[in-house]
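The values are calculated or read from the model by the stated rules, or taken from the named source; none is laboratory data. These figures come from a predicted structure and were not determined experimentally. When we count neighbours, we look across all protein chains shown, and the Cβ atoms used for this are built from the backbone with ideal geometry, even at glycine. Each accessible area value is taken on the protein alone, full model and side chains, heavy atoms only, with ligands, DNA and RNA left out. Shrake-Rupley method; radii C 1.70, N 1.55, O 1.52, S 1.80 Å.
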Amino acid sequence: MKFSYKILLSCIITMAAALGIGGYFFVNDVFQASMEREMGQAADENSILQFAFETAALNIPAKYDLLQNSAVKEIGSSLEKSGQGTGRLLRLSDENREVLYASEGFVEDRELLAGIEKQTRVYRVIHPDEHYYIQTGAEIRALDRTLYLETMRDVTAVYQERSRGFAVYRNLTLLILLISSVLMFFIATWLTRPIRLLTQAARKMTDGDYSYRAEQVSRDEMGQLTQDFNHMAGVLEENIHELEAEVQAREDFIAAFSHELKTPLTAVIGYADVLRSRKLDDEKHFLSANYIYTEGKRLEAMSLRLLDIIVTKRGALTPEKVDVEMLFGYLRDMYGEKEEHPFTFRYEPGYICGELDLLKSVLLNLADNACKASEPGKPIEVFGENRPEGYYFTVKDYGVGISPEDCRRITEAFYMVDKSRSRSHNGAGLGLALCAEILKLHGSGLEITSTLGEGSSFGFEIPHEEKKDDGTEESQKCGSDRIDGVHSAGGSAGAGADRPL
Ligand code: ADP
């Protein structure tokens, strides 16, 4: 049964019970009051007739002060007649409770008569035919006799009044119930609307519409429940999207990984097959073996990079105080003498907090990429400057540049802008993914700015080695403490994004 119907039904039952019980007590109370009034009047009438009988008996001339049965009948008859029009009914009985006179229609049974005692007045309600009567009985002492007077007062109207009262009340109750049922139906429907909206939202979400939200139609507890539900739905939706993105990224990774593995393996197997099945001249033999060697080297480089990424991803940072001079000195040693690309190093002295080898790896990757992307002779610049938040490194080239679309995806594992060019340089699209992971460990990220055909600039910030008040430089983080991988703070194009491997 619907919840609104349950509310409706319980209200109707409660109202019906309340109206029924209330009505019963009300009508009965009125009836009791009327009956008490009638009882009083019946008793009054009985005592008036008692008094009238005794007076009449005194006025009758009697022999030796004896009251004859005939005189009793006569007085009874005249008393009945004097009350004509009022429906007076009376019965007179002698000392032996034998009836001497009875009005026509007076009940025959003598139960009340038998119960009349000295100086008491007794009464009862009787229902001989279709009428109700209050029968009253009392003892009379007249002259030498003790007689019994009984009267009957018709109270059928009071009973009819009660029946009418019940009927009116029943009809009124039914009418009230009918009207209030209609009203309650609308009220119950209105009250349960938030529940229906919540159910609808839950169903929509179950069907996959995660962005659907329940409409909040009230500010009470139901409204609060809707708000909480929507909040929960929001959090769930976010988690689901994150999970979906993660699953998608994993699938992309596996697809790219299989592809990157398949290409060199196919070449290696093909050339190995040629070598074992045919006798080749020396030159072709060398070329085939060389191909197997270079592709094998590429596979080795790729697996090492992957290993690096996995280790970096799972690892924790052992931060140390690093003099930027050490990093720039390293780069100078590696690239300073390169004739193909003139390198410029411009940097401010400074100390940073990070892991030297990992930072060297980042700068090496960026410098390598800059070389690969630039025509021979094009300059490459590496800058270092102190900024309020940290020390900022920039590797800038004047090479092919990267489109905004590629910029967004460039740090994804196996993503290569120009696959043949990357592969020809033993690349597999893992260098920047590794850089992003390392920088994430340092609480940083890659910032990439690039224009196609003009060149690119890769920047990242590493926290300063903090200075103490006495001027000596010492970081709270550096030393033996370890920093676990934290999310990238970089605002670059997808550079520090949390990407699954
Ligand atoms: P790889 O190890 O294959 O070089 P990376 O992850 O380092 O892979 O780089 C991903 C892609 O980004 C490469 O395909 C490369 O073409 C492009 N790329 C990286 N650095 C630059 C740059 N400075 N200029 C232009 N393209 C770049």
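Descriptive notes on the structure:
- Subset of the stretch 367-416 [out of contact with any Lys or Arg (no Cβ under 9 Å at 6 or more places or on another chain), among the hydrophobic types (A, V, I, L, M, F, W, C) and part of a loop (DSSP other than H, G, I, E, B)]: Ile402, Ile410, Phe414
- Flag if Asp357 is away from the ligand (no atom under 12 Å from the Cβ) and more than 55 Å from the chain's Cα centre (by Cα): no
- Subset of the stretch 35-73 that is touching a residue at least 12 places away in the same chain (Cβ under 8 Å) and open to solvent by 80 Å² or more (accessible area, probe 1.4 Å) - its residue that is farthest from Val158 (Cα to Cα): Asp65
- Total residues in the stretch 324-354, condition more than 16 Å from the ligand (Cβ to nearest atom) and crowded, with 17+ Cβ neighbours inside 10 Å: 9
- Lone qualifier among Arg276, Arg305, Arg314 - being within 16 Å of the ligand (Cβ to nearest atom) and of a type in the set (D, E, K, R): Arg305
- Looking across the stretch 152-185, the residues that are assigned to a helix (DSSP H, G or I) and of a type in the set (Val, Ile, Thr) come down to Thr156, Val158, Val168, Thr173, Ile176, Ile179, Val182.
- Taken over the stretch 226-243, the criterion of being within 8 Å of the chain's Cα centre (by Cα) and surrounded by 13 or more Cβ atoms within 10 Å (Cβ to Cβ) is satisfied by Thr226, Gln227, Phe229, Asn230.
- Residue match in the stretch 54-73 (condition: at pLDDT 90 or above and more than 21 Å from Arg121 (Cα to Cα)): yes
- Candidates Phe345, Phe257, filtered to the one that is outside any helix (DSSP H, G or I), more than 18 Å from Cys435 (Cβ to Cβ) and among the hydrophobic types (A, V, I, L, M, F, W, C): Phe345
- Members of the stretch 79-95 found to be polar (S, T, N, Q) and either assigned to a strand (DSSP E or B) or at pLDDT 90 or above (or both), listed by number: Ser93
- Search result, residues across the stretch 272-323 that are open to solvent by 90 Å² or more (accessible area, probe 1.4 Å), touching a residue at least 24 places away in the same chain (Cβ under 8 Å) and in contact with a helix residue (DSSP H, G or I) (Cβ under 9 Å, 6 or more places away or on another chain): Tyr291
- If you go through the stretch 403-412 and pick out every residue that is touching a residue at least 24 places away in the same chain (Cβ under 8 Å) and more than 8 Å from the ligand (Cβ to nearest atom), you end up with 6.
- Screening Val400 on (1) within 10 Å of the ligand (Cβ to nearest atom); (2) surrounded by fewer than 18 Cβ atoms within 10 Å (Cβ to Cβ) shows it passes everything except condition (2).
- Flag for Gly384 being in the same structural domain as Gly350 (by TED's automatic domain parsing) and within 12 Å of the ligand (Cβ to nearest atom): no
- Complete set of residues in the stretch 417-452 that are near the ligand (Cβ under 9 Å from one of its atoms) and either acidic (Asp, Glu) or in a strand (DSSP E or B) (or both): Asp418, Ile448, Ser450
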